[in-house]
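J.: Structure provided below as C-alpha cells; questions to follow.
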Amino acid sequence: MTNTASIGGASPDGEPPEGDPVVLSRTIGATGGELVLRRVGAHFEIISNGVFLMDTRSGRSERAMVRASLDALTAADGVSVLIGGLGAGFSAREALDHPAVAEVCVVELEPLIVEWHSGPLGAAAGRVVGDPRCTVVRADLVRWIGATEHVFDAVCLDIDNGPEWTVVDGNGALYGPAGLARLDRRVRPGGVLAFWSAMPAPAFAGLLGERYGRVDTVEVPAERGGPDLVYLVRPPGTGRH
C-alpha cells in the first residue's frame, strides 16, 4: 500500500540574477571521479563527475525526509538518527533542530565535502559539523552499515540522486534486497527507514512494497521539473541480528 502526501510551495519570485558559476574547489574524489564546489551568486553547488548533486538554495526535500521520519516515531526524546550523505548539511540540520533528537550520525564518503563544511559550506546549514551532538563518519556507507553494530531510531538516506539514478555505481547496492537487509538491522524496533530520490523510482517503490507492505511517499515540489520524492517504510523486527 502506498500513501502519498505533498509538501511544498515554490521558491519566491523576483530573486536577482545569480551570474556565472565560480569554481571554488576542484579535485578527484574518493571514487575517482571529479568533485567540484562552485558558487553561483549567494549559493553553492556540488558537482560529481559532471553530474549536479545538490545546492544550498533550499534543502526543502532533504528537510522533509528527516521531518517525515521523525514525525513517524513514537519516541518523545533521546532519538538517534543516521543520515547517509552529508551534502549541503540540510538533512543533519533538520534532525539537530528537532527537540526529540539526542544524537545524529552522518556517514559521508568524500573527505573534501566534510572539509568544505569547515569553510564555505558551513554557514548554509548552521555549522552542523561543529555541533557536539553530530558525529561525522568518513566512510563508504555501503561498507559501513555492514560493519557497524550501531542501531538508530531513524535511518535517512540521501545518497547520490536516488535509488534509480546513482552517480557512484557501488551505491546501487544499498537499494537491492541485500542492502535493504543490512539497513533493516541498523533500525531499532519501531523505527523508520527513509530514502530520498530526485525522481520517481517505481521499481524501487515496488520492491519496498513487496518487502515492507506499506510505503509512505512524500512528494516535494522542485523549482524545476518534477517533484523530489521520499519513500518511508517501517522495517519489521528491526534492530535484530
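The values are calculated or read from the model by the stated rules, or taken from the named source; none is laboratory data. On a predicted model such as this, the values are computed, not experimentally measured, just so you know. Every residue, glycine among them, receives a Cβ derived from its backbone with ideal geometry; neighbour counts consider all protein chains shown.
J.: For the stretch 101-131: of the residues being at pLDDT 95 or above and not β-branched (V, I, T), which is farthest from D71 (Cα to Cα)?
T.: Residues of the stretch 101-131 at pLDDT 95 or above: 101-107.
Retained after the next criterion (residues that are not β-branched (V, I, T)): 102-103, 105.
On the way: A102: 15, E103: 16, C105: 18 Å.
In this case the residue turns out to be C105.
J.: Answer yes or no as to whether V220 is over 17 Å from the mean Cα position of the chain (by Cα) and under 21 Å from A72 (Cβ atoms).
T.: no
J.: Restricting attention to the stretch 114-124, which residues are in contact with a Ser or Thr (Cβ under 8 Å, 6 or more places away or on another chain) and outside any loop (DSSP other than H, G, I, E, B)?
T.: Looking only at the stretch 114-124, we keep the residues that are in contact with a Ser or Thr (Cβ under 8 Å, 6 or more places away or on another chain), and these are 116, 121, 124.
Listed by number, the residues that qualify are W116, A124.
J.: Check the stretch 78-87 and report whether any residue there is small (G, A, S), crowded, with 20+ Cβ neighbours inside 10 Å and in a loop (DSSP other than H, G, I, E, B). So that I can check it myself, show each step before the final result.
T.: Let us first name the residues in the stretch 78-87 that are small (G, A, S), namely 78, 80, 84-85, 87.
Filter once more, so that each one left must be crowded, with 20+ Cβ neighbours inside 10 Å: 80, 84-85, 87.
Next, from what is left, pick out any that are in a loop (DSSP other than H, G, I, E, B): 85, 87.
Checked against the condition, which is being small (G, A, S), crowded, with 20+ Cβ neighbours inside 10 Å and in a loop (DSSP other than H, G, I, E, B), the stretch 78-87 yields at least one hit.
Here's the yes/no breakdown for (1) buried (at least 16 other Cβ atoms within 10 Å of the Cβ); (2) closer than 17 Å to R67 by Cα:
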| site | (1), (2) |
| --- | --- |
| R185 | yes, no |
| V215 | yes, yes |
| E219 | yes, yes |
| L232 | yes, yes |
| P236 | no, no |
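J.: When you scan the stretch 7-52, how many residues do you find that are within 30 Å of R214 (Cβ to Cβ) and either surrounded by 11 or more Cβ atoms within 10 Å (Cβ to Cβ) or modelled with pLDDT of 80 or more (or both)?
T.: So the count comes out to 2.
J.: So, one more: Hey, can you tell me all the residues within the stretch 65-77 that are more than 10 Å from the chain's Cα centre (by Cα) and in a helix (DSSP H, G or I)?
T.: Filtering the stretch 65-77 down to residues more than 10 Å from the chain's Cα centre (by Cα) leaves 67-77.
Correct list: R67, A68, S69, L70, D71.
J.: Turning to a different aspect of this structure: Need the failing condition index for V129 against (1) crowded, with 19+ Cβ neighbours inside 10 Å; (2) not in a helix (DSSP H, G or I), just the number.
T.: (2)
J.: Can you find even one residue in the stretch 188-208 that is in a loop (DSSP other than H, G, I, E, B), touching a residue at least 60 places away in the same chain (Cβ under 8 Å) and within 19 Å of the chain's Cα centre (by Cα)? Working first, answer last.
T.: Here is the first cut: in the stretch 188-208, the ones in a loop (DSSP other than H, G, I, E, B) are 198-201.
Going one step further and asking which of them are touching a residue at least 60 places away in the same chain (Cβ under 8 Å), we end up with none.
Checked against the condition, which is being in a loop (DSSP other than H, G, I, E, B), touching a residue at least 60 places away in the same chain (Cβ under 8 Å) and within 19 Å of the chain's Cα centre (by Cα), the stretch 188-208 yields no hits at all.
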